[in-house]
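Written below as structure tokens is the structure these notes are about.
The values are calculated or read from the model by the stated rules, or taken from the named source; none is laboratory data. Every value quoted in this text rests on a predicted model; they were computed, and no experiment measured them. Using ideal geometry, Cβ is built from the backbone for each residue, glycine included, and neighbour counts are taken over all protein chains shown. Each accessible area value is taken on the protein alone, full model and side chains, heavy atoms only, with ligands, DNA and RNA left out. Shrake-Rupley method; radii C 1.70, N 1.55, O 1.52, S 1.80 Å.
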Amino acid sequence: MVDAHATTVGTPGRAPLARRTVLCSGDVEELTVVGTELFSPHRLRYRGSRARLSATPVEHAQLICLQYHGESVVETTEALDYYAVHSPVAGRSVVTFGRESVRPPMGGGVVFSPGDRPVMGWSADLCQLAIRVPAARVRAHVSMLTGRPTDGRLRFRHLSVADSGWISALRTMATVADRHDAVVLPDRLSGRLLDMFLTALVLTQPSTYADALLAEAPPPSVTAIELAAQLIDADPDQPWSLARLASETGVSGRSLQAGFRRYKECSPMAFVRERRLELAHRLLLDPAYASTPIAQIAADAGFPHLGRFAAAYRRRYGVTPSHMRKSAVRAAN
């Protein structure tokens, strides 16, 4: 089931809901099946009749809004194999991790790490935003920020105080998802939104890797830099990000940044932009693309925004893309 329009929480200052409704139901079995698909296996005790679950894919993660409209207890039956956060925008919740009990405040949240087996109690008026992120994606992002490999020992403190940095990032993601008309957010936008959230989470939520964030990154490897450059050269139109390049080359984002500055005299993303401009330039000069709209050429080269592409192209080549195309057509005739 898909909403015909965006829905928002009516109280000022509260976060919007994830846009697309996955399920509206009061059936415990249905809710358990869908909840398992969105999160993980669990047992559900539910006193209500109109629960609503909404979700929006954000890259490989899921941005989720939970409204059960009835007192609920969710008991996970397997240890989590992912990272997740819950942030209430209305109502109350209590989450227990063995002997630890967490009551996230309004404007705060709770953070889950792999290995956790939480039991969650939710009030009937609870509405909360959540995001579930694959463990590998979080660890790759932490490796990028710390400059060191990240293993399964990465764990976050469970309780988050009100107005933590990642809460704002989560709500920004929800706002974008709520306002976007497409069924699925564009890949480039999804990746950047998820990077923004993960950076805020890692930098503001205490974790076992907090000290590593301040440590000096290891020296860059010229081999890794050349590998990254080859990957970009081969497919400049791909949705490259610092996190993805770090994952592909097996080194940290900080090392890549230092290495590109040392060996390429630019940042990794500046290198990507330059190769995309070169690709667009070749397409503009290619007679086979003479009738292709310039906006399509920009998109094919990895530039989703025509105006920014045109400005970057003019800075690089001294003329507008349309002027370059007209010159190429005249030369061909």
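Residues whose amide H lies under 5 Å from that of Leu159, counting only those 5 or more places away or on a different chain, are Val111; hydrogens are built 1.01 Å from N in the peptide plane.
Taking 7 Å steps out from each Cα toward its Cβ at Thr292 and Lys264 produces label points 2.3 nm apart. A crude spin-label estimate for the pair Glu37 and Thr96, with each label 7 Å from Cα along the Cβ direction, gives 3.1 nm. Using a simple spin-label model with pseudo-atoms 7 Å out from Cα toward Cβ, His305 and Glu278 lie 2.4 nm apart. Accessible-area rank, largest first, for Glu71, Glu29: Glu29, Glu71, with all protein chains present and a 1.4 angstrom probe.
Stokes-Einstein diffusion of segment 96-238 at 4 °C, 1.567 mPa s viscosity, Kirkwood radius from Cα pairs, rounded to a whole number: 74 µm²/s. For segment 258-333, state what percent of all Cα-Cα pairs lands in each successive 10 Å bin, counting from 0 Å until the bin that includes the largest distance. Binned Cα distances yield the sequence 20, 48, 23, 9, 1.
Taking the Cα centre of segment 201-333 as origin and assigning +1 to Lys and Arg Cβ atoms and -1 to Asp and Glu Cβ atoms, the resulting dipole is close to 700 debye.
Rounded to the nearest Hz, the phi-derived 3J(HN,Hα) couplings of segment 290-306 under the Karplus curve 6.51 cos²θ - 1.76 cosθ + 1.60 (θ = phi - 60°) are 4, 9, 7, x, 4, 4, 5, 4, 4, 5, 5, 8, x, 10, x, 10, 4, where x marks glycine and proline. Share of pairwise Cα-Cα distances greater than 24 Å in the chain is 61 percent (whole percent). Length, then width, then depth: along the principal axes, the Cα atoms of segment 185-333 run 65, 34, 22 Å. Report in % the part of the accessible area of segment 249-316 that belongs to carbon and sulfur, leaving out ligands and nucleic acids; probe 1.4 Å. Of all accessible area on segment 249-316, carbon and sulfur atoms account for 49 percent.
Taken one residue at a time, the phi angles of segment 163-168 give Karplus couplings (6.51, -1.76, 1.60, θ = phi - 60°) of 6, 5, x, 6, 5, 4 Hz. Gly and Pro are set to x. Put the Cα centre of segment 109-160 next to the Cα centre of segment 61-101 and the gap is 11 Å. Overall, the chain carries a charge dipole of about 920 debye about its Cα centre when +1 sits on the Cβ of Lys and Arg and -1 on the Cβ of Asp and Glu, all other atoms neutral.
The H on the amide N of Glu71, modeled in the peptide plane, is under 5 Å from the matching H of Arg47, Ala124, each at least 5 residues off or on a different chain. For Leu256, neighbours were defined as the other residues whose beta-carbon sits under 11 Å from its Cβ, and their charges (Lys and Arg +1, Asp and Glu -1) total +4. Full extension of the chain between Arg103 and Arg45 yields a length gain of 19.0 nm, computed as 0.36 nm times the residue separation minus the alpha carbon distance.
If you roll a 1.4 angstrom probe over the protein chains with everything in place, what fraction of the accessible area of segment 93-219 belongs to carbon and sulfur, to the nearest %?
Accessible surface attributable to carbon and sulfur in segment 93-219 totals 57 percent.
Note on the chain: GNM, Cα springs under 10 Å; of Arg244, Arg45, Arg103, the largest mean-square fluctuation is that of Arg45.
Residues in segment 80-94 carry Karplus couplings, in order, of 5, 10, 8, 9, 7, 9, 10, 9, x, 10, 6, x, 9, 9, 9 Hz; the curve used is 6.51 cos²θ - 1.76 cosθ + 1.60 with θ = phi - 60°, and Gly or Pro positions show x.
Other residues whose C-beta falls under 13 angstrom from the C-beta of Ser113 contribute a net charge of +2, scoring Lys and Arg +1 and Asp and Glu -1.
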